[in-house]
Structures are given as structure tokens and as C-alpha cells.
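Input: a single structure, listed below in C-alpha cells.
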Amino acid sequence: MKTGGRVTNWVANGLSRDVVAGVVVPGRWQGVDLAIWRSATGVLRAWKDRCPHRGMRLSHGFVRGEGLSCIYHGWTYGTDGRCRSIPAHPDLVPPAAIRAEALDCAEADGVIWVAGAGEAGPLPAVTGLVPLRSLALHALPGQIAAALPGLRLFPGGLRGVVVLGGIQTSLCLLLQELARGQTMIHALCGPQDDPVAVSRGLEDLRRSIEQGVAA
Amino acid sequence: MIPQAVQDCWYPLAMAALTGPYPGRATQLLGQPIRVFRDAAGTIRVQGDAGADLPVILRFGHVWACPGTPQRDLFTIPEADHPGRRLVDCGVVRVKCSPLRAVENFLDIAHFPFVHTDILGAEPHTEVGRYEVHIREDTDEVWATKVRFHQPQAAMSAEGGIETEYMYRVPAPTAAVLYKTCPARPGDWDVIGIFVQPLTEELCDVWPWMALYDDVTPQAALIQFQQMIFLQDRSILENQIPRLLPLDPGMEIPTQADLTSVAYRRWLKRKGLTYGAQMVAA
Ligand code: FES
Ligand SMILES: [Fe+2]
């Protein structure tokens, strides 16, 4: 997202607490589908969502210990991306060239960020806010921004103080473009804000934006 | 646009027994609208949009048609005619994938423990031993033989784990037949086929079909078993990237367990059967 002359490649891909140890979920960065997973000891990784063997989506796989296994033939990749076992050939040591393709990922303030390998700038700061929830909208980021003129653009999304559901709240909406004109909003709010009220306000907002888009 | 070699093949379009009078089944073949129906005389006919009749063969309980000029007869499965076998039509499964990916998946055993867990395979019995693959010169078919795999529940009539032996056969670009040890009759083979109808390059109807020595299991249970297996396969097939089958090496990484897949891809490429395939690594 380009904002005010500053360029960052970081795109929010979820809230840390939604990707617990032992879980893999789909993600997306600049049109590239991802598999985002956390090992048993808590190591977080973001990889292209494609197993090098026969192209199965890794986000459909499963985490065992410190590895992510593909659901098709069970090839297992360690946190370094290297394939470390091929179940059809248990005695074979997989060649080092077989590896999952990694993107950069980082976590700060309860948010999971993803960027192209080795090309990321500083992480967008959302310090002082608390993660609320993620929700998907049938709308583009620009349409969401237009619906919330009280928020300003910053690297990673929109933020500011707005009235939502009749309550004033410090809102931060991290925007992630998905496929087919959808956008995922990762919302954070002020520590004093009522999370239930803000959450309900976001659902109302979604309804009104989607109706606007459909009209 | 569509290679002549592709047009000249036979493709399954419907179950013969379920084909009714005009308008019958309106479907697609190689991206073109097509109709399968029974005319006033009771003859099953296949017509394209312009109303022209396509050559038709009724075999294995299915209606087959050729959109081009057939260069050879449709393959046969002699074992299917042996007395005592039950022929089971298993209906149809619509899959959003390349028809070639659907066939390739059917030729694959290494996925059994992970996709058909505790049915066709189970950890830790994941090893795929060496097997043989060749092209039969006389019939120009891909064959894999001496394929052995540990199977927790090989068929409806099997109880407990057994080492099952398989043979795989690709007699047409979108059809595959497997022969597997028959639990009820050691020395004989159960025969299971999939006939794949290419609606488009990324959409197909899969018609599973069986010829079994099993006169115990109710028909409904047999069909349900096969449907369950194919629904598990579908969750894979609709999530492979790229959607088209890559025929050039480099895009994917085959191992020894993938020898049948490698032979199938080479065979398709050599014969120019590229509908549903991609030639250059994207
Ligand atoms: S496609 Fe991933 S293990 Fe085969
Ligand atoms: Fe399967």
C-alpha cells in the first residue's frame, strides 16, 4: 500500500491470537495465495500456498511439531522451508533443493504481517491499540476508505477516531486484499473501547458498504 | 484451436440406462454444448449445437462419443465380461479441475494414507515400493504393474489390513482402469474404472465404474463407498495449482512413486493430447 510517499510491502494477514500453535491458515499478499502456519513451539511462517511436489495448496495441510505437512502425499517441510520427509520413500533424504517458497513474516502488537522476501521496510506501527477481530467484506479497500472519511490512510490501512455504532472509538482497520473483489479487515480499537460495541458497529458498517457496492 | 488428436478420441458423456428422450442430458464436451438423448426408435444419439450427430459407442454402461473422426475403436475391458462379476455404475462426480489431473490422481497411490485415511491407506504404512511402468506397444496404453500397498480396508468385502496388489492402465487420455487384488477371490482382480468427461479444460464429470466379485455387499453401499472416496479426491483436485496439468518437467517434482504420472504425462505430450494441460512452466 502506498501512502503519503512512504512505501511498505507489509500486509496484515491476521491477528496473532487467531493463528495458535499447530495451526495453518490461508493468507494472501499482493495477489499471491499463502499458507500461514505456526509450529508447536510458536514459530510463525508464511509460504506460497503451493506444494512443490504436485502443487497442492499447503494451507490444506497439517502441522506436526516443527513441520508443515502437505495433505496430498504428506511431504513435510521444516520451519527453514526444506523438505525433510517424503512418506512414500521413508529412507530417502530429500534433496536440499526441494523447499517451500517463503515470504517474510513478522508479528507486532498482536498482528501478523507478511511481505515479499527480503524487500520489506519497517513494520507499520499500531502500538497502543488492542486487536479486535478480522472480517471479510465484498468491497475493495478504496470503497472501505470512502465509507469512513473520518479515518486517514497510513501504511497498512486506515486509522483515526470515528463514531461507530453511536460510540466514539479509536479505530484501526488493517486492509488485506483477497481474491474476487473481497477485502479482509483486521480491526484494532482503543484499550478503553467496548469491544462488543465496536464489533457490532463493524458489522453494521460491512452491511452498509456491501449494499453500497451492490447498488 | 483444439488439437485434432484430442478431437479424435472417445469421451464418456452419460450413463446409458439413465438416458431419456429428447432433450435428454444437456452437457458440454471440450467446451462445446452437446446433447445426449434417446430418439423415437430408442437409439441413443449425441448431437452438437448445430444438430449434427456424433459417432456413438455404448460400452461399460456408458454413452461414448467422438467429436472428430475416430481413429480407432474404444478400448475394451475383457475382464468385465467374465461371468460372476457385478457391474456397478457409480453415478457422476462433478470436479472443478483439469480432466487430466483427475486421471493422474486416480493413478496415484502415495496419497492413500493422507487423503483416504484408514480406508485405502494409513500411516505408518506409507512406503511405495518399486513398481513397473511401460507403454504397451500393441495397444499404445500406459500400464503400471506390480504396485503393492498396505491397505487397512481395501474394499467393502475386506476386513482388517492387507497388502493389496494393483495394476493401473490408461487406455484413453481421459479414462483409467485399475485392477486390484480381490479379497473374496484370491487370484482374481476387482476392476474399477474412471471415465472422465472433459466439459472444459478446468471442469470435468467423473464417472466411476466397477466390475467386482462381490455378491454380498448391497449395491447402495458399494456406490456410497466409491462416492466417499471420490469426494475425498475432489477436495485435492480442486486445490492444485496450476489448474492445468504441467506436461513440461520443472514445474513439479516427481519421485519414484510418481512413475505412472511421469509416463502418463509423457504419453499425453507425445500424442499431442494437451487439452487440460499446460506446456510451459508458468
Ligand atoms: S502435492 Fe504435496 S505432497 Fe504431493
Ligand atoms: Fe484417491
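For region B:199-242, list whatever residues lose no less than 40 Å² of accessible surface once every protein chain is in place, relative to that chain by itself, with the probe at 1.4 Å.
Buried on complex formation: B:Ile236, B:Asn239, B:Gln240, B:Ile241.
Using +1 at the C-beta of Lys and Arg and -1 at the C-beta of Asp and Glu, which of A:Pro52, B:Val88, B:Pro171 has the Cα lying farthest in the positive direction of the dipole of the protein assembly as shown?
Farthest towards the positive pole: A:Pro52.
Express in Å², to the nearest 10, the accessible area of B:Met167 obtained by rolling a 1.4 Å probe over the protein heavy atoms while all chains stay in place.
Roughly 40 Å² of B:Met167 is accessible to a 1.4 Å probe.
Along the Cα→Cβ direction, 7 angstrom out, place labels at B:Glu132 and B:Val280. What is the inter-label distance in nm?
It is 4.0 nm.
Which value, in debye to the nearest 20, gives the size of the charge dipole of chain B about its Cα centre, when Lys and Arg are +1 and Asp and Glu are -1 at the Cβ?
560 debye
Using the charge dipole of chain B (Lys, Arg: +1 at Cβ; Asp, Glu: -1 at Cβ; taken about the Cα centre), state which of B:Gly31, B:Ala263, B:Gly250 has its Cα farthest towards the positive end.
Most positive-ward Cα: B:Gly31.
Diagonalise the Cα gyration tensor of region A:2-115 and give the resulting equivalent ellipsoid semi-axes, square root of 5 times each eigenvalue, largest first, whole Å.
27, 15, 11
Going by amide H atoms built from the backbone, whose H comes under 5 Å of the H on B:Gln28, apart from near neighbours?
The answer is B:Ile34.
Starting from the amide H of A:Val111, placed 1.01 Å from N in the peptide plane, find each other amide H under 5 Å away whose residue is 5 or more places distant or on another chain.
A:Ser16
When the gyration tensor of chain A is built from Cα positions, what are the square roots of 5 times its three eigenvalues, in whole Å, from largest to smallest?
35, 16, 16
Quick one: dipole size for region A:1-87, taken about the Cα centre, charges +1 on Lys/Arg Cβ and -1 on Asp/Glu Cβ, in debye to the nearest 20.
For region A:1-87, the charge dipole is close to 160 debye.
Only protein chains counted, 1.4 angstrom probe. Which residues of region A:27-56 are at least 20 Å² less accessible in the assembly than when their chain is isolated?
A:Arg50, A:Pro52, A:His53, A:Arg54, A:Gly55, A:Met56
For region B:215-223, what does the Karplus curve 6.51 cos²θ - 1.76 cosθ + 1.60, with θ = phi - 60°, yield as ³J(HN,Hα) per residue in whole Hz, taken in order and with x for Gly and Pro?
Computed from phi, the couplings for region B:215-223 are 10, 9, 5, x, 3, 4, 5, 4, 5 Hz.
Taking R0 as 41 Å, what's the FRET efficiency between A:Ile167 and B:Asp118 from their Cβ-Cβ distance, rounded to 0.05?
E(calc), rounded to 0.05, equals 0.20.
Using each residue's phi in region B:113-124, evaluate 6.51 cos²θ - 1.76 cosθ + 1.60 at θ = phi - 60° and report the 3J(HN,Hα) Karplus result to the nearest Hz, with x for Gly and Pro.
Karplus-based 3J(HN,Hα) across region B:113-124 equals x, 9, 9, 10, 4, 6, 10, 9, x, 7, 5, x Hz.
Return the value, in Å² to the nearest 100, of accessible area buried between chains A and B (probe 1.4 Å, both sides summed).
2100 Å²
In region A:47-196, carbon and sulfur make up what percent of the accessible area (probe 1.4 Å)?
54 percent
Once you compute Rg and the Kirkwood Rh from C-alpha atoms, what is the Rg to Rh ratio for chain B?
Answer for chain B: 0.95.
Residue by residue through region A:9-26, which ³J(HN,Hα) values in whole Hz follow from phi under the Karplus form 6.51 cos²θ - 1.76 cosθ + 1.60 (θ = phi - 60°), with glycine and proline marked x?
Rounded to whole hertz, the list is 8, 5, 10, 4, 10, x, 9, 3, 5, 7, 10, 7, 4, x, 10, 10, 9, x.
Provide B:Tyr275, A:Tyr77 ordered by accessible surface of protein heavy atoms (probe 1.4 Å), highest first.
B:Tyr275, A:Tyr77
Please compute the Cα-Cα pair-distance distribution of the protein assembly as shown with 10 Å bins starting at 0, giving whole percents from short to long.
Reading upward from the zero bin: 4, 17, 23, 21, 17, 12, 6, 1.
Can you give the FRET efficiency to the nearest 0.05 for B:Arg185 and B:Asp140, using r as the Cβ-Cβ distance and R₀ = 41 Å?
The pair B:Arg185/B:Asp140 has a calculated efficiency of 0.85.
Run a plain Debye calculation on region A:130-214 (Cα atoms as equal point scatterers, no solvent) and give log10 I(q)/I(0) at q = 0.10, 0.11, 0.14, 0.21 Å⁻¹, rounded to two decimals, same order as the q list.
With one equal scatterer per Cα and no solvent, log10 I(q)/I(0) is -0.20, -0.24, -0.40, -0.95.
Rounded to the nearest 0.05, what FRET efficiency do B:Arg270 and A:Arg64 have when you use their Cβ-Cβ distance and R0 = 51 Å?
After rounding to 0.05, the efficiency reads 0.80.
In whole angstrom, how long is each semi-axis of the equivalent ellipsoid of region B:4-65, when you take the square root of 5 times every eigenvalue of its Cα gyration tensor and sort them from largest down?
After diagonalising the Cα gyration tensor, the semi-axes are 18, 14, 10 Å.
Cysteines without a disulfide-compatible partner in chain A, using Cβ under 4.7 Å as the rule?
So far as the 4.7 Å Cβ criterion goes, A:Cys83, A:Cys105, A:Cys172, A:Cys189 stand without a partner in chain A.
Non-local amide H neighbours of A:Ile71 (under 5 Å, H modeled in plane, Pro and chain starts lacking H): which ones?
A:Gly61, A:Phe62
Counting only heavy atoms of the protein chains, get the accessible area per residue of region B:125-211 (1.4 Å probe) and round it to a whole Å² value.
37 Å²
If I model a spin label as a point 7 Å beyond the Cα along the Cα-Cβ vector, how far apart are those points for B:Asp39 and A:Arg82 in nm?
About 6.8 nm, to one decimal.
Quick one: dipole size for the protein assembly as shown, taken about the Cα centre, charges +1 on Lys/Arg Cβ and -1 on Asp/Glu Cβ, in debye to the nearest 20.
In debye, rounded to 20, the protein assembly as shown gives about 1040.
Leaving ligands, DNA and RNA out of it, rank B:Thr76, A:Thr169 by accessible area with a 1.4 Å probe, largest first.
If we order B:Thr76, A:Thr169 from most to least accessible, we get B:Thr76, A:Thr169.
Per residue, how much accessible area does region B:4-65 show when a 1.4 Å probe rolls over the protein heavy atoms, in square angstrom?
Each residue of region B:4-65 exposes 46 Å² on average to a 1.4 Å probe.
Could you tell me the center-to-center distance, by alpha carbons, between region B:57-77 and region A:116-137 in angstrom?
Taking the Cα centre of each part, region B:57-77 and region A:116-137 sit 58 Å apart.
Using +1 at the Cβ of each Lys and Arg and -1 at the Cβ of each Asp and Glu in the protein assembly as shown, identify which of A:Leu103, A:Leu123, A:Ala146 lies farthest towards the dipole's positive end.
A:Ala146
The values are calculated or read from the model by the stated rules, or taken from the named source; none is laboratory data. This one's a predicted model, so the numbers in the text were calculated from it and none came from an experiment. Counting neighbours? That spans all protein chains shown, and the Cβs are built from the backbone with ideal geometry, glycine included. Surface areas here come from the heavy atoms of the whole protein model, side chains and all, with no ligands, DNA or RNA. Shrake-Rupley method; radii C 1.70, N 1.55, O 1.52, S 1.80 Å.
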